[in-house]
1. Where does the range 196-239 land on Rg/Rh, using Cα atoms and the Kirkwood Rh?
2. Quick one: helix 284-297 against the long Cα principal axis of the chain, what's the angle to the nearest 10°, folded into 0 to 90?
3. Please give, to one decimal in nm, the separation of the simple spin-label points placed at Thr49 and Phe20, each 7 Å out from Cα toward the Cβ.
4. Anything over 23 Å Cα to Cα? Flag those among Lys240/Lys292; Lys101/Lys134; Lys174/Lys232, in the order listed.
5. Counting only Cα, what are the radius of gyration and maximum Cα-Cα distance Dmax of the range 214-297, in Å?
6. Say we join alpha carbon atoms closer than 10 Å with springs in a Gaussian network model of the chain; which of Gln13, Gln278, Gln118 then has the biggest fluctuation?
7. Give me the log10 of I(q) over I(0) for the range 106-181 at q = 0.11, 0.15 Å⁻¹, as the Debye formula computes it from C-alpha points; what are the numbers?
8. Hey, what angle do you get for helix 111-130 against the long axis of the chain, alpha-carbon based, 0 to 90 degrees rounded to 10?
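Every number here is computed from the coordinates shown, using simple stated rules; none is lab data. Keep in mind that this is a model prediction, so the values were computed, not measured. Ideal geometry is used to build each Cβ from the backbone, glycine not excepted, and the neighbour counts take in all protein chains shown.
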Amino acid sequence: MTDETRSNTPCPQDKVVYDFERGEYICEETGEIIEDRVVDQGPEWRAFTPEEKEKRSRVGGPLNNTIHDRGLSTLIDWRDRDAMGRTLEPRKRLEALRWRKWQIRARIQTSIDRNLAQAMNELERIANNLGLPKSVKDEASSIYRRAVEKGLVRGRSIESVVAASIYTACRRMKVARTLDEIAAYTKANRKEVARGYRLLLKELQIDVPVTDARDYVTRIGAVLGVSGSAMKMAAEILEKAKSTGITAGKDPAGLAAAAIYIAALQNGERRTQKEIAQLAGVTEVTVRNRYKELIQELRIDIPQQ
């Protein structure tokens, strides 16, 4: 049999095998490659029992804590287009509108569902305005859910408890945000958010690490536009100040602002106390007082301006 005749003769199905290492279908009889670069559509895991298969199977998207039902339900789109991207006819559009209404009612049935739906939208809005990462959003939503389960939201504004949950999550994840920054994006004032924060810590028994002034250095320095060497110098100043005990009882944001001001002066990157104070969310007087304390206690020499 010639090569030409062999290539034109179809291989028997029982002789075609799959090479897992190469991703190819090969004929055992002729050695011909029937198909190569085959994409394996199966799972990357193996299961040997039905229980193991059910446990390892993953279907659908991952759970999302920032959605009130964790993303388990389906969602009908509002674009009024079919699967081919064509605009729906008026009659079909009205029918789809009725589907959406019933679908929304099916997703939100109890008072807790309504509470979570409103709270998660509020959480997403505040977190996006603050530029918070997804890890903080997930932590904040988890804290809020625990508060709802324990009945802590009853009698309080949803917005203030959401803001308190976000602040708690920021403290736990060491993401530098102040109460004033968070309260600025809510109708609740700073006092209400602080009260909600203390309530969450007490009732949910949440452990929150002590805020370190160095957590604010990178954020303030990046917005201010100072160099990495200046931010490193500011962190070293705060470390020395902490070892001497002069940071106790002081506002971390104010200490970070003063350390950046000192580091910028020493590094030849002049910045005013006013612009640093605005970015840090503290007053100019606070920056000036912390500045004087740091240079006196640490005996820092400031170059003549």
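1. Radius of gyration over Kirkwood radius for the range 196-239 works out to 1.22.
2. 80 degrees
3. Simple spin-label model gives 2.1 nm for this pair.
4. Listed pairs above 23 Å: Lys101/Lys134.
5. Rg, Dmax (Cα atoms, Å): 11.0, 30.
6. Result: Gln13 has the largest fluctuation of those listed.
7. -0.26, -0.47
8. 70 degrees
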